[in-house]
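K.L.:
Okay, handing you the structure first.
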Amino acid sequence: MTTVTRPRTSGQARLNVRAKEITAAELERYTARTPGSQAANNRARQVIPLGVPSSFQAYDPWPVVAKTAKAGTLWDVDGNEYVDFNMGFGALYVGHNHPVLRAAVERQMEHGMLYVTPCESNATVGELLKGRFGHDQWRFTNSGTEATMDAIRLARGFTGRTKIVKIEGGYHGHHDSVMVSMKPSLDNAGPADSPWSTASTAGLAAGIVEQVGVVQFNDPDALRRALSGFDVACFIVEPVMENIGICLPYDNYLQKVRQICSEHGTLLIFDEVKTSITAHMGGASGHFGVQPDITCLAKSIGGGLPLGAFGARKELMDLITDLTVVHQGTFNGNPLSMAASIATLSEICTQDAFDRTAAMNTRMLSDAQVIIDEFDLPAHTVQMGAKGCVTWTVDPIRNYRDYKGTDFDVAFAHWIYGINRGILLPPGLDEQWLVSVQHTDVEADRQTEVFRDFAKELTA
Ligand code: PMP
C-alpha cells in the first residue's frame, strides 16, 4: 500500500508561523488565567511524578486542575468554565454526574460497595454486553489495560502460540505485550510495509519486543505476511483507530482482516475500549458488521466508574471455566461499577440517545468543515458515531505514518486557543471530541464559534 502525503505549501508555512505566534500569546493567557492549577500542580509534583496520576494527563506548562463537573461542563480550581468535550478520554458518554446513573450508584451504596462474592448484577451486565456485542460470555476487569492483557492471555492459552501482532501507533493500555511501537519516532520505525517492533518504555520483560509483530493499519497484505508462519496467537486492533484522531478502516479492511486471521488460525481481538457504545449500539464491530473472536471493552460502558470487560464465544471462555487460563481480580464486577454499567447500557445510552448525539456530532463536524473550506485550512473532519475530530492534514489519514504528517503546530495552537475560550478537548493532539448524552446544542455551537474565531486569527 502506498500512502501519498502532499507536500506542505508555502501557504501552510505561513500558517505554521502564525500558529506559533498564536501559541505564544495563548500560553501567556493560559498562565494568567490558571494560577490555581499551577499551584495545585506544583504541590502535586512533590509527591506524584509530573503532578498527575497518569502521564496522559500531563502537559506544559501545567494541566487544568478540575474542581467540579456537571452534565457537559467542567470547572477548574480557578473557577474557569469549560464545555468538556474530552469527557474522561471518552469514558463519559453519559456526561458528568448523570442523575440516573448517580441514583443507581447511590441505591447500590445503600447495600454496600464491595462484596467479593458474586452479585446478581454481574449476570445482568453480562447479558447486556452479550445483547450488544454478540459474544456468549464475558468477564469483567477494572480497566482497558486489564481487558487487553486478559484477552491476549486467553488467545495465547487457546492457540498455544506466544507471538502477537499489533498495529503501529496503536495503543492498547500499559501492560508489557502492547507497549511496543505505540508511537515510534519515524526514524526508528523501519519500512512502511514491514515496520520494526520497538519498545515504547524502559522496563519491559526480556523477549517481549521479539514476540510482537507490527503492521500498519489498513494494510491487509502486511498482515497476511506477518501471519504466514502460522505461529501468531492473535492480532489486536482497534476497528477504528482512536488514538491518532479518528482513523477509519478503508476498502473492507476489517472484513479482510477477519478472513486473514481465520485462514491462519490467529484470533482476532477488537480493542473497543474507545469505540464501543460511542460508535454504534453494538460497537464498531456492529457498525462494520465484522465479528472478532474476542472483544475488549472499558471506558464508556462503566459510565465513569472503573470497568473493563472482555467477551468471546463459549469455546474460548471455556478455558477460563476449566481454569486453564487464570483470570481473577478483587474489584472485578464490583457492585458499584455494575450499577453504573446497567444504568448506562439499559437506561441512558439508548438507541435514541445514540441517534441524537451522533446527529449533534454530524452537525458540529459539518459546521467545522464549512469553516475549513471557507478559510482554506489544511484540515479535514472525521466522524465515528458520537466522536469527531478536526485532523490537520488535507487528506484523510489511513495509518500512523499519515498521522505523523499532521501539522502539529497548528493542532496545538487550535487546542490551547480552545482551552482559553472554554472548550476542553483532550490533550495530546491525538484524541477526538465526544458528544455526550448531556451536551446541548448551545455547547455544540460554542465549539463552532471558537473554531471560527481560531480560523480567522490563523489566517489573519
Ligand atoms: N485500549 C485503547 C484503545 C485505549 O484507548 C486505552 C486507553 N486510552 C486502553 C486500551 C487502556 O485503557 P485504560 O486506560 O482503561 O487502562
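The values are calculated or read from the model by the stated rules, or taken from the named source; none is laboratory data. Not measured: the values here are computed from a predicted model. Cβ sites come from the backbone with ideal geometry, for glycine too, and all protein chains shown count toward neighbours.
K.L.:
What residue, among those in region 73-100 that are in a helix (DSSP H, G or I) and not hydrophobic (A, V, I, L, M, F, W, C), is farthest from ALA444 (Cα to Cα)?
P.N.:
In this case the residue turns out to be PRO99.
K.L.:
Which of the residues that make up region 272-304 are farther than 22 Å from ASN243 by Cβ and of a type in the set (A, V, I, L, M, F, W, C)?
P.N.:
MET281, the sole residue that qualifies.
K.L.:
Can you pull out the residues in region 180-213 that are outside any loop (DSSP other than H, G, I, E, B) and either away from the ligand (no atom under 16 Å from the Cβ) or hydroxyl-bearing (Ser, Thr, Tyr) (or both)?
P.N.:
Here is the first cut: in region 180-213, the ones outside any loop (DSSP other than H, G, I, E, B) are 180, 186-188, 199, 209-213.
Passing the criteria: LEU186, ASP187, ASN188, ALA199, VAL209, GLU210, GLN211, GLY213.
K.L.:
Let me ask something else about it. Of all residues in region 154-179, how many are basic (Lys, Arg) and either within 14 Å of the ligand (Cβ to nearest atom) or within 22 Å of the chain's Cα centre (by Cα) (or both)?
P.N.:
Of the residues in that region, 1 qualify.
K.L.:
Which condition does SER228 not pass, out of (1) touching a helix residue (DSSP H, G or I) at 6+ places or on another chain (Cβ under 9 Å); (2) farther than 21 Å from VAL273 by Cβ, if it passes all the others?
P.N.:
(1)
K.L.:
Does region 271-321 hold any residues that are closer than 26 Å to SER228 by Cα, among the charged types (D, E, K, R) and either away from the ligand (no atom under 16 Å from the Cβ) or more than 17 Å from the chain's Cα centre (by Cα) (or both), and which are they?
P.N.:
ASP293, ARG313, GLU315
K.L.:
Looking at region 380-389, which of its residues are touching a strand residue (DSSP E or B) at 6+ places or on another chain (Cβ under 8 Å) and crowded, with 23+ Cβ neighbours inside 10 Å?
P.N.:
Initially, region 380-389 is screened for residues touching a strand residue (DSSP E or B) at 6+ places or on another chain (Cβ under 8 Å), giving 380-382, 386-389.
Scanning region 380-389 gives ALA386, LYS387, GLY388, CYS389.
K.L.:
Filter region 26-45 down to the residues that are surrounded by 14 or more Cβ atoms within 10 Å (Cβ to Cβ), out of contact with any Gly (no Cβ under 6 Å at 6 or more places or on another chain) and free of Cβ contacts under 8 Å to residues at least 40 places away in the same chain and list them by number.
P.N.:
Hits for region 26-45 are GLN38, ALA39, ALA40.
K.L.:
Among (1) closer than 19 Å to ILE397 by Cβ; (2) more than 18 Å from the chain's Cα centre (by Cα); (3) buried (at least 23 other Cβ atoms within 10 Å of the Cβ), which single condition is ASP251 missing?
P.N.:
So the condition that ASP251 fails would be (3).
K.L.:
A further question on this structure: Of a type in the set (A, V, I, L, M), assigned to a helix (DSSP H, G or I) and more than 19 Å from ALA91 (Cβ to Cβ): does that describe LEU129?
P.N.:
no
K.L.:
Shifting gears a bit: Among the residues of region 48-72, write down those that are assigned to a strand (DSSP E or B) and either of a type outside the set (Lys, Arg) or closer than 17 Å to SER436 by Cα (or both).
P.N.:
Selection gives ALA66, THR68, ALA69, LYS70, ALA71.
K.L.:
Would you mind finding the one in THR344, THR330 that is β-branched (Val, Ile, Thr) and under 22 Å from the mean Cα position of the chain (by Cα)?
P.N.:
Exactly one residue qualifies, and that residue is THR344.
K.L.:
Here is a follow-up. For region 229-242, give me each residue that is under 20 Å from ASP150 (Cβ atoms) and either within 14 Å of the ligand (Cβ to nearest atom) or surrounded by fewer than 24 Cβ atoms within 10 Å (Cβ to Cβ) (or both).
P.N.:
So in region 229-242, the residues under 20 Å from ASP150 (Cβ atoms) come out as 232-239.
Those that are under 20 Å from ASP150 (Cβ atoms) and either within 14 Å of the ligand (Cβ to nearest atom) or surrounded by fewer than 24 Cβ atoms within 10 Å (Cβ to Cβ) (or both): ILE236, VAL237, GLU238, PRO239.
K.L.:
Still on this structure, I have one more. Could you list, in sequence order, all residues of region 343-361 that are loosely packed, with under 15 Cβ neighbours inside 10 Å and hydrophobic (A, V, I, L, M, F, W, C)?
P.N.:
Answer for region 343-361, where residues must be loosely packed, with under 15 Cβ neighbours inside 10 Å and hydrophobic (A, V, I, L, M, F, W, C): just ALA359.
K.L.:
Same structure, new question: Looking at region 167-176 only, could you name the residues that are surrounded by 24 or more Cβ atoms within 10 Å (Cβ to Cβ) and closer than 18 Å to GLU146 by Cβ?
P.N.:
Filtering region 167-176 for residues surrounded by 24 or more Cβ atoms within 10 Å (Cβ to Cβ) gives 167-172.
Across region 167-176, the qualifying residues are GLY170, TYR171, HIS172.
K.L.:
Okay, next question. Can you tell me which residue in region 421-459 is farthest from THR23 (Cα to Cα), limited to those that are surrounded by 19 or more Cβ atoms within 10 Å (Cβ to Cβ) and of a type in the set (Gly, Ala, Ser)?
P.N.:
Looking at residues that are surrounded by 19 or more Cβ atoms within 10 Å (Cβ to Cβ) and of a type in the set (Gly, Ala, Ser), I get SER436.
K.L.:
Moving on to the next point. Being surrounded by fewer than 21 Cβ atoms within 10 Å (Cβ to Cβ), within 16 Å of the ligand (Cβ to nearest atom) and modelled with pLDDT of 95 or more: is that true of LEU268 here?
P.N.:
Taking the combined requirement at face value, the residue does not satisfy it.
K.L.:
Would you pick out the residues in region 101-122 that are part of a helix (DSSP H, G or I) and surrounded by 14 or more Cβ atoms within 10 Å (Cβ to Cβ)?
P.N.:
Hits for region 101-122 are LEU101, ARG102, ALA104, VAL105, GLN108, SER121, ASN122.
K.L.:
Moving on to the next point. Residues in region 336-349: is at least one acidic (Asp, Glu), farther than 30 Å from ARG225 by Cβ, in a helix (DSSP H, G or I) and free of Cβ contacts under 8 Å to residues at least 40 places away in the same chain?
P.N.:
No - not one qualifying residue is present in region 336-349.
K.L.:
Of the residues that make up region 141-150, is at least one surrounded by fewer than 22 Cβ atoms within 10 Å (Cβ to Cβ) and away from the ligand (no atom under 16 Å from the Cβ)?
P.N.:
Within region 141-150 (the criterion being surrounded by fewer than 22 Cβ atoms within 10 Å (Cβ to Cβ) and away from the ligand (no atom under 16 Å from the Cβ)), the answer is no, since none of the residues qualifies.
K.L.:
Further question: Yes or no: ASP407 surrounded by fewer than 19 Cβ atoms within 10 Å (Cβ to Cβ), over 16 Å from ASP60 (Cβ atoms) and of a type outside the set (Gly, Ala, Ser)?
P.N.:
no
K.L.:
To continue, here is another question. Consider MET87 against the criteria (1) more than 16 Å from the ligand (Cβ to nearest atom); (2) surrounded by 14 or more Cβ atoms within 10 Å (Cβ to Cβ): it satisfies all of them except one. Which criterion is unmet?
P.N.:
All conditions pass for MET87, except number (1).
K.L.:
Could you say which residue among GLY72, GLY36 is at pLDDT 95 or above, at negative phi and in contact with a His (Cβ under 7 Å, 6 or more places away or on another chain)? Lay out the reasoning, then the answer.
P.N.:
On the way: GLY36 fails: in contact with a His (Cβ under 7 Å, 6 or more places away or on another chain).
Only one candidate qualifies: GLY72.
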